[in-house]
Amino acid sequence: MEQATGIKHRITGLLESALAKKGTVLYVLQHYAGMYELRIHLPDARMENWQKVQRIKCKVNTGRYRDYTPAVWDETTRSCSLFIDTAHDGPGSQWAQSLQAGDPLVYIGIDSYGRAPVDAAEQVFLGDPSAIGHFFALMQLTNGLGKITGSIIVRNEMHREAFEASFPSLSISTAESIREIEHSPVLIHDHPERQFYLAGNSGMVHQLRKILKQQGVPAHKIHAQGFWK
Ligand SMILES: Cc1cc2nc3c(=O)[nH]c(=O)nc-3n(C[C@H](O)[C@H](O)[C@H](O)COP(=O)(O)OP(=O)(O)OC[C@H]3O[C@@H](n4cnc5c(N)ncnc54)[C@H](O)[C@@H]3O)c2cc1C
């Protein structure tokens with residue numbers, strides 16, 4: 001068993017030395033308990049080519065990697081932000097909470113995921129706090145075109161208030177549960193050009209997609225990304 005773990009670590013180490021790229025943490029902002037923004041400099045990233053939402057695979061511990069969504073990127077300075085929800089215990093949370101300005105960051109690749117966003121009269125964002133970066137990235141890719149509505153499920157009441165105060169530019173509301181969203185006007189499919197973007201916990205995304213389909217939203221108008229189980 002120990003031998004197998006040792007071999008796994010050696011293979012991971014070899015892969016990492018072949019693929020690893022480096023960045024630097026410029027600053028860390030804690031928006032509210034559990035929500036961290038890492039502003040990072042990535043000298044090798046070709047941000048001018050980002051036409052879809054991207055994922056960056058960060059090394060969070062020895063042999064451990066986690067995907068995060070670069071947002072609010074600036075091609076000129078090659079910097080972007082990662083919005084990391086750390087309101088649970090895991091290697092990714094521990095890593096984000098430990099970082100300080102000036103720390104190095106190791107990653108083994110950046111690539112796109114999901115479909116390119118569609119310019120539409122109205123974009124509806126539904127998710128949990130781990131999806132904030134995803135929604136900021138969609139806003140940047142669509143140049144802020146189209147009205148943005150939606151809701152983020154934040155179970156902790158104090159965090160709900162803090163969330164709305166922290167991200168006024170996202171201009172979407174918070175909800176306590178899927179049930180609350182299900183009965184809110186946000187889901188009423190009354191605009192033919194509405195596009196729905198779902199992201200965050202896989203079970204939540206699955207349920208929201210099911211509710212939308214039951215309400216008659218065609219599949220091609222639902223963009224769903226499960227992030228974690
Ligand atoms: C394409 C892609 C993009 C992603 N982008 C982001 C992003 O921008 N920001 C972000 O925060 N995450 C993002 N994630 C999720 C991220 O990769 C990790 O899965 C997540 O941060 C958990 O890692 P961890 O090591 O902290 O916890 P893990 O060790 O993976 O999980 C520990 C426990 O915590 C639970 N858990 C995991 N995440 C959460 C959460 N957010 N809230 C409550 N409980 C949780 C798990 O179910 C598990 O029980 C993305 C994932 C994918 C696939």
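Just so it is clear, none of the values below were taken in a lab; they were calculated from the coordinates. What you see is a predicted model, and the numbers here were worked out from it, not measured in a lab. Counting neighbours? That spans all protein chains shown, and the Cβs are built from the backbone with ideal geometry, glycine included.
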On the formula 1/(1 + (r/R0)^6), with r taken between the Cβ atoms of Leu26 and Tyr113 and R0 of 25 Å, the FRET efficiency rounded to 0.05 is 0.55
Label-point separation, Thr76 to Leu15 (7 Å along Cα→Cβ), nm: 3.9
Run the quick spin-label model on Ile178 and Ser202: label points 7 Å from Cα toward the beta carbon, then report their separation in nm to one decimal. 1.4
For Arg46, the net charge from surrounding residues (Cβ-Cβ under 11 Å; K, R +1; D, E -1) works out to -2
In nanometres, what is the gap between the two model label sites at Arg64 and Lys147, each 7 Å from Cα along Cα-to-Cβ? 4.4
How are the Cα pair distances of the chain distributed, in percent, across 5 Å bins from 0? 1, 6, 14, 18, 18, 16, 12, 7, 5, 2, 1, 0
Give me the Å³ per residue figure for the convex hull around the C-alpha atoms of segment 2-112. 107
Roughly speaking, what is the stretch gain from Lys57 to Asn156, that is 0.36 nm per residue apart minus the C-alpha to C-alpha distance, in nm to one decimal? 32.8 nm
Once Rh is set to the Kirkwood radius over Cα pairs, what Stokes-Einstein translational diffusion coefficient, in µm²/s, holds for segment 98-141 at a temperature of 10 °C and a viscosity of 1.306 mPa s? 118
Using θ = phi - 60° and the Karplus form 6.51 cos²θ - 1.76 cosθ + 1.60, what ³J(HN,Hα) does each residue of segment 51-61 get, whole Hz, x for Gly and Pro? 9, 10, 5, 10, 10, 10, 8, 9, 7, 10, 6
Give me the Debye-computed log₁₀ of I(q)/I(0) at q = 0.09, 0.15, 0.17 Å⁻¹ for segment 118-229, equal point scatterers on Cα only, no solvent, two decimals. -0.20, -0.58, -0.76
Rounded to the nearest 5, what % of DSSP beta bridges with both residues in the chain are antiparallel? 60
Once both axes come from the Cα atoms, what is the angle between helix 132-141 and the longest principal axis of the chain, in degrees from 0 to 90, rounded to 10? 80
How much length, in nm to one decimal, is gained on full extension between Gln94 and Ala4, taken as 0.36 nm per residue of separation minus their Cα-Cα distance? 29.8 nm
With just the Cα atoms defining each centre, how far is segment 120-140 from segment 34-69? Give it in Å. 17
Taking amide hydrogens as modeled 1.01 Å from N in the peptide plane, which residues meet the under 5 Å criterion relative to Gln225, leaving out close sequence neighbours? Leu198, Ala199, Gly200
